[in-house]
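Structure first, commentary second.
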Amino acid sequence: MNCSECSYIQPIEDQGVVSLRPLSASLEQTMHGQDFDFVIIGDTVSIDYYSREQMLDILQWVCMLPMVEGSDLQVGIWGAGNIGGEPSWLPATVIISRLQNYDIVDIIRRRQFTSHMQPIVDEQEQVVAYEFLLRPIVDGPSFQPYRLFDIAHRTGLHSFLDRAARISAIETSAEHLPRGIKRFINFLPSSIYNPQYCLSHTFAAIERLNLDPKDFVFEVVETENILHMPKLQNIFDVYRSNGIFVALDDVGSGYSKPELIDKLKPDYVKIDRGLIDHCDQDKAKQQQIEHIVERSLATGSRVLAEGIERREEFEFCRSIGINLGQGYLFGRPADQPVAR
């Protein structure tokens with residue numbers, strides 16, 4: 001089985017042929033009035049381009065035509081060195097977005113990123129786990145991680161990026177951490193179409209590196225997708241059937257409501273940093289946090305407080321039974337584990 005959503009991304013070459021389909025009669029008529037080198041075969045028009053900028057101009061022009069707007073126009077691109085091969089056909093809007101954000105797309109395509117580790121401590125402030133976070137490679141192009149994932153969504157590359165980020169985290173953990181230290185790794189539910197197949201690369205990497213699946217905790221982000229409960233439950237089931245733990249992230253913010261704890265019964269519940277911030281001074285936040293802790297304990301979930309920057313916040317969390325903490329108070333994300 002193969003999945004085009006997370007397979008190799010072909011670079012867009014400076015010269016080649018861009019093909020459009022399906023070709024309507026009105027679009028064909030309009031093409032004849034343009035100064036393009038093109039050929040029409042069946043329902044496809046193929047246009048020579050001599051720079052990425054020219055290709056972008058062609059696609060933007062086509063997409064603005066009244067007979068094309070809102071259509072299902074597909075684009076295929078052949079680089080000058082691959083004429084005669086078979087391209088991946090993608091919506092025109094996706095190709096345009098890739099051209100407009102080519103610098104970020106190239107970072108994703110070349111996997112010019114690595115994983116940093118932020119410590120997670122227990123109630124005695126002993127490091128028991130790390131969360132893995134995407135960061136630029138040394139001497140590589142800089143980027144903001146949120147922008148990388150935002151562009152990946154808009155260019156149809158989020159499945160490729162999500163899988164590559166998971167593998168990067170697993171490989172980094174194998175290099176730096178001993179067995180018995182938990183490794184928290186994010187995943188996007190919308191990037192996983194068929195859990196058995198899409199996650200097989202993750203499980204294979206853990207096996208290839210001779211790691212213990214029980215050392216891994218995969219935490220769901222992009223919480224708007226939690227609304228599709230059966231899909232997420234299926235993903236959780238596949239992780240667990242392979243001996244891996246699961247976590248619900250950012251509980252108490254956005255769509256990640258405490259009620260989801262009862263439905264999903266995650267192994268770990270991570271309380272959103274917005275609730276933790278100055279929680280020692282805010283009665284309303286304290287009530288919300290206590291409610292989350294009660295629900296978590298009732299389902300057997302362990303609770304982790306995120307974003308702890310002040311000792312007073314940590315003291316309050318410990319006082320109500322939260323025995324795991326993460327935040328700048330204990331360490332920032334770094335390319336090496338904290339000294340033990």
TODO: Just grab the label-to-label distance for residue 15 and residue 319, each label 7 Å out from Cα along the Cβ direction, in nm (one decimal).
DONE: 7.2
Task: Neighbour-limited loop hits for chymotrypsin sites (Phe, Trp or Tyr not before Pro), segment 102-211 (at most 14 other Cβ within 10 Å; DSSP other than H, G, I, E, B) - done: 193
- [ ] Mind checking segment 91-149 for GluC sites (Glu not before Pro) that DSSP puts in a loop (not H, G, I, E or B) and that have at most 14 other Cβ atoms within 10 Å?
- [x] 123, 125
Open item on the list: Using the Cα centre of the chain as the reference point, and only Cβ charges (+1 on K/R, -1 on D/E), how large is the resulting charge dipole? Debye, rounded to the nearest 20.
Closed with: 940
TODO: Rank by packing, highest mean first: peptides 51-60, 133-142, with packing defined as the count of other Cβ atoms within 10 Å averaged across residues.
DONE: 51-60, 133-142
- [ ] Report the paramagnetic label zone for residue 138: residues of segment 316-340 whose backbone N is under 15 Å from a point 7 Å from Cα along the Cα-to-Cβ axis.
- [x] 334-337
- [ ] Would you list, by chain and number, the lysines whose Cα falls below 26 Å from the Cα of residue 257, excluding same-chain residues fewer than 8 positions away?
- [x] 182, 231, 265, 270, 283, 285
- [ ] Please work out which option in (i) 14.7; (ii) 20.1; (iii) 18.3 gives mean projected area of the Cα convex hull in nm² calculated from these coordinates, and answer with its label.
- [x] (ii)
- [ ] Over the chain, calculate the relative contact order: mean separation of alpha carbon pairs under 8 Å at least 6 apart, over the residue count, as a percent.
- [x] 14
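Fully extended, how many nm does the chain gain between residue 338 and residue 28 (0.36 nm per residue separation, minus their Cα-Cα distance)?
So the chain would gain 105.3 nm between residue 338 and residue 28.
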- [ ] Mind checking which of 211, 181, 266 is farthest towards the positive end of segment 106-326's charge dipole, using Cβ charges of +1 (Lys, Arg) and -1 (Asp, Glu) about the Cα centre?
- [x] 211
- [ ] Starting from the Cα gyration tensor of segment 16-100, take the square roots of the eigenvalues, sort them a ≥ b ≥ c, and report rounded, prolate or oblate (rounded when a/c is under 1.5, otherwise prolate if a/b is larger than b/c, else oblate).
- [x] rounded
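Using alpha-carbon pairs under 8 Å, 6+ residues apart, how would you state the relative contact order of segment 16-100 in percent?
Relative contact order here is 36 percent.
Which percent, to the nearest 5, of DSSP beta bridges fully inside segment 243-323 are antiparallel? Walk me through the numbers before you get to the answer.
Numbers: 1 of 8 bridges.
For segment 243-323, the DSSP antiparallel bridge percentage is about 10.
Could you compute the net charge surrounding residue 23? Neighbours are other residues with a C-beta less than 14 Å from the C-beta of residue 23; K and R count +1, D and E count -1.
Charge balance near residue 23 sits at -2.
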Task: Spacing of the two label points (7 Å from each Cα toward its C-beta) at residue 171 and residue 64, in nm - done: 4.2
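Taken together, the values in this text are just the output of simple stated rules run on the coordinates, not laboratory data. As the structure is a computational prediction, the values presented were derived from the model and not from experiment. Backbone-built Cβ (ideal geometry, glycine too); neighbour counts: all protein chains shown.
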